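Enquirer: A single structure is presented below for examination.
The values are calculated or read from the model by the stated rules, or taken from the named source; none is laboratory data. The shown structure was predicted, so the numbers you read here are calculated from the model rather than taken from an experiment. A quick note on method: Cβ atoms are made from the backbone with ideal geometry, for glycine too, and the neighbour counts reach across all protein chains shown.
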Amino acid sequence: MCGGFTCSKNALIALNVLYIIVAFILIGVAVYGRAASIVTNLPIVGGILACGIILIMISVLGLLGAVKHHQVMLFFYMVILFLLFLIQFSVACACLGVNGEQQDQLAEQGWMRVDNGTRAKVQEVFRCCGIDPKLDADYPHPSCESITLKCCPMADPGFMTCKCPPCMEKLQTTINYAFKLCGWIGLFFSFTEVSGYL
């Protein structure tokens, strides 16, 4: 078992390198969550992204403090790291706490804000038509003819009975996946930040 300043310095340097890796994982997951949702802007997922960026900066501060053995820098490092833990833990819990009704509202708000080009892209990617039959009158969508042929390849074009499902269901599934992924990974890695105190 090692002891003394050299061992503590090396352990702190290794811990901060681990934090940099964790930060890149958080950033990657948050970017994936934002890209996967296409239509909706997920502000809570943006919180995970911000935590990843802040964690990189804090890790650099911790590395400099460990290498230079700068007590004031290490003190601020510990305080900021604890505050980041609280923020990241809260944001991760918020991601995990989003329910189906809130996901529907996010999908509807996103659909309402985007233009027809983005709506057409969503219909193409998810193979769906419109947001919801009850809402399509309020939020018009691009034609579904080309999408319907992909949804129903065996249907007779002259007598089309098969229809693509509405996009609400598919968007809700994607939003749910993005929130759960960001939430669980953010929650797991928030506890790694506590290990800096041990």
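Residue by residue, here is whether (1) touching a helix residue (DSSP H, G or I) at 6+ places or on another chain (Cβ under 9 Å); (2) at pLDDT below 80; (3) surrounded by 14 or more Cβ atoms within 10 Å (Cβ to Cβ) holds:
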{"position": "VAL98", "(1), (2), (3)": "yes, no, yes"}
{"position": "GLN103", "(1), (2), (3)": "yes, yes, yes"}
{"position": "SER143", "(1), (2), (3)": "yes, yes, no"}
{"position": "VAL194", "(1), (2), (3)": "yes, yes, no"}
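Enquirer: Taking segment 77-88, which residues are without any contact (Cβ under 8 Å) to a residue 60 or more places away in the chain and either in contact with a Leu (Cβ under 7 Å, 6 or more places away or on another chain) or not assigned by TED's automatic domain parsing to the domain that holds CYS51 (or both)?
Expert: Keep residues of segment 77-88 that are without any contact (Cβ under 8 Å) to a residue 60 or more places away in the chain, which gives 77, 79-80, 83, 86-87.
Once the filter is applied, which keeps residues that are without any contact (Cβ under 8 Å) to a residue 60 or more places away in the chain and either in contact with a Leu (Cβ under 7 Å, 6 or more places away or on another chain) or not assigned by TED's automatic domain parsing to the domain that holds CYS51 (or both), segment 77-88 yields only TYR77.
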